[in-house]
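**Q** Quick one: this structure, given as structure tokens, is what I'll be asking you about.
The values are calculated or read from the model by the stated rules, or taken from the named source; none is laboratory data. Quantities reported herein were computed from a predicted structural model and do not represent experimental measurements. All Cβ positions, even for glycine, are placed from backbone atoms using ideal geometry, and neighbour counts span all protein chains on display.
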């Protein structure tokens, strides 16, 4: 079966790696000539709106998917009219616009924090009379890994933030005094059957995910499963979705959804019976979903900006490095490491995790009780 992917980054790369044992072939449409997925299929190096490249992808592919949200909607809509696309255009259209996403959550009865649409500096000042400070101003589109947002802590921040974000349509959100930052990943097939992965507890720095730890038998697992099921059923969704949440005491608030495989689920390659990447492919290709369960502790550490020496990683029991073949650059995700507990105790797992965080430059996290 031929799978066309819009995008050629690390998520496309890991999808293709997972698809090889399933006998799947891949073609990537990506404007980056150095796309790191290229060794695992055919690369169409062209802008997303290049009609010749689109037509070639459409004629070749049995099914298409995408690896990130910031692909022009017109391109995705055009491709969906001509070849099977999962997840659908409608899911992408909601996920890439923070205002539309909040409105859809509210319509589904999914709890969210206070927010307001912003189209001018006077609107921002007025909205904060209700929302209060601190708050976060975010662009409606083109935001990821901490980009397109500004934390507001005092009145003088407002004009600075509005200018810095380009005076474009935004939303302003109340800052949630969360106890934990969580995510849930699930896969839904073409018949509506679903599997759920264990809840991940996530730690960010500078707006970029640094660490995800799965929480087996978490007390909120059933509740978050129910929340993502409501969303996926509402979209008649096919594929893998991630839902990011804040836990504020015993209250769960949806932050945003990702209509794709997700960074906080990378641990599943080593630790789950079926990885999120394989289950995404199984869903979109009409194959039975695999089990998503695991019986071991697992964590994922992002490698941001720089790669440590591979031998230092492999000296840590249970650690598996994934290097993406991308040039090192500040703020860029260039790889990740999975840590599993298959051969050790819980105490040993957290000691190994602290060591791993130290060698990857996350010394502050290494000193915390995780």
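Okay, residues lined up against (1) in contact (Cβ under 8 Å) with a residue 40 or more places away in the chain; (2) more than 16 Å from residue 211 (Cα to Cα):
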{"position": "304", "(1), (2)": "yes, no"}
{"position": "311", "(1), (2)": "no, yes"}
{"position": "315", "(1), (2)": "no, yes"}
{"position": "322", "(1), (2)": "yes, no"}
{"position": "325", "(1), (2)": "yes, yes"}
{"position": "334", "(1), (2)": "no, no"}
{"position": "345", "(1), (2)": "no, yes"}
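**Q** Test of understanding: among 269, 284, which residue is over 19 Å from residue 227 (Cβ atoms), crowded, with 22+ Cβ neighbours inside 10 Å and either outside the structural domain of residue 20 (by TED's automatic domain parsing) or in contact with a strand residue (DSSP E or B) (Cβ under 6 Å, 6 or more places away or on another chain) (or both)?
**A** 284
**Q** Any residue at all in segment 60-70 that's without any contact (Cβ under 8 Å) to a residue 40 or more places away in the chain and not assigned by TED's automatic domain parsing to the domain that holds residue 233?
**A** No - not one qualifying residue is present in segment 60-70.
**Q** Let me ask something additional. Can you give me the ranges of the strands (runs of 3 or more DSSP E) entirely in segment 113-156 with at least 2 residues that are closer than 11 Å to residue 171 by Cβ?
**A** Hits in segment 113-156: 115-118, 135-139.
**Q** Then there's this: Give the residue, chosen from 184, 171, that is surrounded by 17 or more Cβ atoms within 10 Å (Cβ to Cβ), within 23 Å of residue 72 (Cβ to Cβ) and at pLDDT 95 or above.
**A** 171
**Q** Related question: So which residues in segment 1-37 are in a strand (DSSP E or B) and over 18 Å from the mean Cα position of the chain (by Cα), if there are any at all?
**A** Result: 2, 3, 4, 25, 26, 27, 28, 29, 30.
**Q** Same structure again: Do the conditions hold for residue 260, that is, is it in contact (Cβ under 8 Å) with a residue 60 or more places away in the chain and either surrounded by 15 or more Cβ atoms within 10 Å (Cβ to Cβ) or under 20 Å from residue 111 (Cα atoms) (or both)?
**A** yes
**Q** If you scan segment 184-204, which residues turn out to be touching a strand residue (DSSP E or B) at 6+ places or on another chain (Cβ under 9 Å) and free of Cβ contacts under 8 Å to residues at least 12 places away in the same chain?
**A** none
**Q** Still on this model: Here is a check on your reading of the model: is residue 366 within 21 Å of the chain's Cα centre (by Cα) and crowded, with 16+ Cβ neighbours inside 10 Å?
**A** Spelling it out, it is not the case that residue 366 is within 21 Å of the chain's Cα centre (by Cα) and crowded, with 16+ Cβ neighbours inside 10 Å.
**Q** Then there is this: Against the conditions (1) farther than 19 Å from residue 231 by Cβ; (2) in contact (Cβ under 8 Å) with a residue 60 or more places away in the chain; (3) out of contact with any strand residue (DSSP E or B) (no Cβ under 9 Å at 6 or more places or on another chain), where does residue 73 fall short? Just the number, please.
**A** (2)
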